[in-house]
Amino acid sequence: MKKKFVNLNILEKENSSQITRMNTEKAYIKISDYTILDTPDLIALNKPSGLLSIPDREGKDISLKKLLIEKYGNIFTVHRLDKETSGLIVFAKNESTHKLLSQQFEARQTEKIYLGLVIGSLADKKGSIDALISEHPAKKGLMTVYRKGKESLTDYEVLEDFRIFSWVQFQIHTGRTHQIRVHAKHIGHPVVCDELYGDGKPILLSTLKHKFKLSKNELEERPILNRLALHALSLQFTNTNGEKMKLEAPLPKDLRALLQQLRKRK
């Protein structure tokens, strides 16, 4: 039996993700390559950056949920990740599992851990960001810290300090839209390559390496990273058998390569 490939016509920007960086007219994703756990009740995947979790309002771009429906039939949304964020995401395969997992998310009984690279060196290497978040009153699609917003709590810890950047672990206790990105901006250290809440600038090797020289065969320097530097690392929840489960999504190649370069020059 031939392995099934699903066509992704999502080459909107050549720099938006692992998928869109392919220098082809069409990109393909094989669900099994991203699957972390597949049971009769749920499927957990390591979502690549640049792929929607669920269909957007316009419904033009492909989404992970649509691909899963094509393969499995019924698929139920439990939570979602921003398009630009890579990492662990879980979908339910039946209504009872969907209800069980959704209740845990709503009751804040899950443990959600993210890793991200932020701009600058944080004065406090560990702490909590307790700042209300709401939709931006004037800018559609943006969120902001606002005194009349909803309760939003993010714990953070700096794992590595590279001076110009910091590698940070985040734990979110609430699930507000763009929560980590908004809170990171709020404390003055936006996530790297964040076009909405930061400067959106890619990371170039010339930024890190003082004596950088462009190859003779290249007309323009290619970025080490040109997508949101945020990854959903792990999720802990209780399954349908009442067992505690902790799933983890390995860092994608682009973030691993970036960290390797930063550590060389630390």
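The values are calculated or read from the model by the stated rules, or taken from the named source; none is laboratory data. For clarity, every value in this text was computed on a predicted model and none was experimentally measured. As a convention, Cβ positions derive from the backbone with ideal geometry for all residues, glycine included, and neighbour counts pool all protein chains shown. Note: accessible area is taken over every heavy atom of the protein model, side chains too, but ligands, DNA and RNA are not part of it. Shrake-Rupley method; radii C 1.70, N 1.55, O 1.52, S 1.80 Å.
Considering Gly175, Gly141, Gly116, the condition of being modelled with pLDDT under 95 and in contact with a Lys or Arg (Cβ under 9 Å, 6 or more places away or on another chain) is satisfied by Gly175 alone. Checking each residue in the stretch 232-266 for being assigned to a helix (DSSP H, G or I) and not basic (Lys, Arg) picks out Asp254, Leu255, Ala257, Leu258, Leu259, Gln260, Gln261, Leu262. Within the stretch 235-253, being closer than 24 Å to Ile119 by Cα, out of contact with any Leu (no Cβ under 6 Å at 6 or more places or on another chain) and surrounded by 14 or more Cβ atoms within 10 Å (Cβ to Cβ) holds for Leu251, Pro252.
So which residues in the stretch 78-99 are free of Cβ contacts under 8 Å to residues at least 24 places away in the same chain and crowded, with 18+ Cβ neighbours inside 10 Å, if there are any at all?
His98
Return yes or no: is Glu160 loosely packed, with under 15 Cβ neighbours inside 10 Å, in contact with a helix residue (DSSP H, G or I) (Cβ under 8 Å, 6 or more places away or on another chain) and at pLDDT 95 or above? Against the criterion (loosely packed, with under 15 Cβ neighbours inside 10 Å, in contact with a helix residue (DSSP H, G or I) (Cβ under 8 Å, 6 or more places away or on another chain) and at pLDDT 95 or above), Glu160 qualifies. Considered as a group, the residues in the stretch 100-129 that are surrounded by 13 or more Cβ atoms within 10 Å (Cβ to Cβ) and without any contact (Cβ under 8 Å) to a residue 60 or more places away in the chain include one that is nearest to His186 (Cα to Cα), and that residue is Ile129.
Across the stretch 188-210, which residue is nearest to Val158 (Cα to Cα) among those that are in a helix (DSSP H, G or I) and among the hydrophobic types (A, V, I, L, M, F, W, C)? My answer is Leu208. Within this structure, Arg181 passes the test of being within 18 Å of the chain's Cα centre (by Cα) and part of a helix (DSSP H, G or I). Taken over the stretch 43-75, residues that are open to solvent by less than 30 Å² (accessible area, probe 1.4 Å) and part of a helix (DSSP H, G or I) amount to 3.
What residue, among those in the stretch 28-42 that are farther than 21 Å from Arg80 by Cβ and not in a helix (DSSP H, G or I), is modelled with the highest pLDDT?
Pro40
Anything in the stretch 143-157 that is open to solvent by 30 Å² or more (accessible area, probe 1.4 Å) and closer than 14 Å to Tyr114 by Cβ? List them, or say none.
Those that are open to solvent by 30 Å² or more (accessible area, probe 1.4 Å) and closer than 14 Å to Tyr114 by Cβ: Leu153, Asp155, Glu157.
Taking Ile164 as the residue in question, decide whether it is over 21 Å from the mean Cα position of the chain (by Cα) and of a type in the set (A, V, I, L, M). Judged against the criteria, Ile164 is a match.
Got at least one residue in the stretch 146-154 being more than 19 Å from the chain's Cα centre (by Cα) and assigned to a strand (DSSP E or B)?
Yes.
Please count how many residues of the stretch 78-91 are in contact with a His (Cβ under 8 Å, 6 or more places away or on another chain) and over 16 Å from Leu115 (Cα atoms). Step through it out loud before you land on a result.
Within the stretch 78-91, the subset in contact with a His (Cβ under 8 Å, 6 or more places away or on another chain) is 78, 82, 85-87, 89-90.
Going one step further and asking which of them are over 16 Å from Leu115 (Cα atoms), we end up with 78, 90.
Of the residues in that region, 2 qualify.
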